Amino acid sequence: MEDIGLRSTRIRTYERGLISVPNGSLATANVENLSARDKMRVSCKIPLRYETSREQLERVLADVSTMLRAHPRVESSTAWIRLARLAESALELEMQAYVLTRDFDDSPPCAKTG
């Protein structure tokens, strides 16, 4: 929250932009309170070169999956990684997990880049 005025509220975004919202709109809007969450969803895309062999790909998938499930702050039942698509310039892996933290600043780097 940047400023609450009589007519509008100014909100600073994560990208440091400033949004001005009329208070009348806020009164009727559904507002999500991110500070009340118990965990954060982290989703990352990981590119691998096309020269990656099948054995290397399988090893990366297995190793990342093991690391995710072994991490104390990762909810292991929600963690997964897969080959998502054959992109124009790389094999694209997709990873997702819930991290047991409420603080955006305490989250993994890929959570901050979206």
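The values are calculated or read from the model by the stated rules, or taken from the named source; none is laboratory data. Computed from a predicted structure; not experimentally measured. Note that each Cβ is placed from the backbone with ideal geometry, even for glycine, and that neighbours are counted across all protein chains shown. What goes into the accessible areas is simple: the full protein's heavy atoms, side chains included, and nothing from ligands, DNA or RNA. Shrake-Rupley method; radii C 1.70, N 1.55, O 1.52, S 1.80 Å.
The table for this structure:
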| read-out | value |
| --- | --- |
| Helix axis angle, 54-70 relative to the chain longest principal axis, alpha carbon, degrees | 50 degrees |
| Euclidean distance between Cα centres, segment 69-99 to segment 1-67, Å | 16 Å |
| Apportionment of accessible area to carbon and sulfur, the chain, percent (1.4 Å) | 51 percent |
| Potential extension, ARG102-SER25 segment - 0.36 nm per residue separation minus Cα distance | 25.0 nm |
| Probe 1.4 Å, protein heavy atoms only - accessible area per residue of the chain in square angstrom | 74 Å² |
| Estimated FRET transfer efficiency (ALA62, LEU6; beta-carbon r; R0 41 Å; 0.05) | 0.10 |
| Bins of 5 Å, starting at 0 and running to the largest distance - Cα pair percent for segment 6-76 | 3, 11, 12, 14, 11, 10, 9, 10, 9, 6, 4, 1, 0 |
